[in-house]
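The values are calculated or read from the model by the stated rules, or taken from the named source; none is laboratory data. Quantities reported herein were computed from a predicted structural model and do not represent experimental measurements. Neighbour counts run over all protein chains shown; Cβ positions are idealised from the backbone, glycine included. Ligands, DNA and RNA are stripped out before the accessible areas are found, and what is left, the full protein with its side chains, is counted by its heavy atoms. Shrake-Rupley method; radii C 1.70, N 1.55, O 1.52, S 1.80 Å.
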Amino acid sequence: MSSKSAIEWTEVTWNPTTGCDQVSAGCDNCYALILAKRLKAMGTPKYQNDGDPRTSGPGFGVTVHPDALDLPRRWRTPRVVFVNSMSDLFHARVPTAFVRDVFEVIASTPQHTYQVLTKRSTRLRRLADQLSWPANLWIGVSVENASQLGRVDDLRDVPAAVRFLSCEPLLGPLDGLELDGIDWVITGGESGPRARPVDPAWVRGIRDRCQDAEVAFFHKQWGGRTPKAGGRELDGRLWDEMPQLLAH
């Protein structure tokens, strides 16, 4: 089932797949891995498949859920949908055929706007010409520090209607960031008991690049022990810019 999301830039989450594996520094304190362990202990059916303890954890093994595919077709009102808040659609263990199934659901429900975020930008790029790209699908990549800027280059090769970056948790400056072909950038500090601090100068640098390039900029949070601990204001205001919602 879907759930109303506390994430400021979306409305609901939809998880046709669950589970993942850590691939870069941004994964070190993964909220989804921690939540999956809790959901397994509660007996939640979708979270009973364990992942590799070196890169994943209890209840967080990559699992596809065909029974979840039809859910968006039953929603009566248009929604902004974050796809796979508890997984990565382009993980190597998600079959290409299932990725196509998800894309087909998106195409068949043009009243909704879908946001897919991945750290597996290489597979995203390689699969791009094997997929049909609906106009209501936004594709983004996570870029937590300068070592992951190659993900942006991969994203540029994808024929998505909207391409976006999630720079959360932001762990360093993105001095080499180029925004050609990018429509939206989200920044955010890490949250949780082991949250790593974000330097406001890193966020300002990204904001300024977005303003120069006329790219929508969204500052989600400063983070801290809880997501809302540090508030959301940057230089005395909220930054809630978004690209045009195509489906609304």
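Worth a mention:
- In region 170-188, the residues that are touching a Lys or Arg at 6+ places or on another chain (Cβ under 8 Å), small (G, A, S) and in a loop (DSSP other than H, G, I, E, B): G181
- Number of positions in region 80-101 that are touching a Phe, Trp or Tyr at 6+ places or on another chain (Cβ under 9 Å) and not in a strand (DSSP E or B): 5
- Here E8 passes the criteria (1) at pLDDT 95 or above; (2) surrounded by fewer than 19 Cβ atoms within 10 Å (Cβ to Cβ) except the one numbered (1).
- Here K37 meets the list (1) touching a residue at least 12 places away in the same chain (Cβ under 8 Å); (2) among the charged types (D, E, K, R); (3) exposed (fewer than 13 other Cβ atoms within 10 Å of the Cβ) almost entirely, failing just condition (3).
- Given (1) open to solvent by 20 Å² or more (accessible area, probe 1.4 Å); (2) among the β-branched types (V, I, T); (3) not in a loop (DSSP other than H, G, I, E, B), number of the condition T77 does not satisfy: (3)
- Residue within region 124-134 that is closer than 30 Å to V203 by Cα and buried (at least 22 other Cβ atoms within 10 Å of the Cβ) present: yes
- Scan of region 93-104 for residues that are touching an Asp or Glu at 6+ places or on another chain (Cβ under 9 Å) and either within 22 Å of V143 (Cβ to Cβ) or buried (at least 22 other Cβ atoms within 10 Å of the Cβ) (or both), ordered by number: V94
Per-residue answers, yes or no, for (1) in contact with a Gly (Cβ under 7 Å, 6 or more places away or on another chain); (2) polar (S, T, N, Q); (3) open to solvent by 10 Å² or more (accessible area, probe 1.4 Å):
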| residue | (1), (2), (3) |
| --- | --- |
| Q148 | no, yes, yes |
| D153 | no, no, yes |
| R156 | yes, no, yes |
| L170 | yes, no, no |
| E178 | no, no, yes |
| G189 | yes, no, no |
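- Among the residues of region 191-209, those identified as assigned to a loop (DSSP other than H, G, I, E, B) and farther than 22 Å from V152 by Cβ are G192, P193, R194, A195, P197.
- Residue within region 197-214 that is in contact with a Ser or Thr (Cβ under 6 Å, 6 or more places away or on another chain), open to solvent by less than 50 Å² (accessible area, probe 1.4 Å) and over 25 Å from T113 (Cβ atoms) present: yes
- Residues of region 120-169 that are in a loop (DSSP other than H, G, I, E, B) and either touching a Lys or Arg at 6+ places or on another chain (Cβ under 7 Å) or of a type in the set (G, A, S) (or both): L131, S132, A135, V143, D157, V158, A160, A161, E168, P169.
- Within region 53-73, the residues that satisfy the criterion of being in a loop (DSSP other than H, G, I, E, B) and more than 13 Å from V102 (Cβ to Cβ) are P53, R54, T55, S56, G57, P58, G59, F60, G61, V62.
- Set L245, L165: member being modelled with pLDDT under 95 and not small (G, A, S): L245
Quick grid of which residues meet (1) under 24 Å from R225 (Cα atoms); (2) not in a helix (DSSP H, G or I):
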{"site": "N29", "(1), (2)": "yes, yes"}
{"site": "L33", "(1), (2)": "yes, no"}
{"site": "R38", "(1), (2)": "yes, no"}
{"site": "G51", "(1), (2)": "no, yes"}
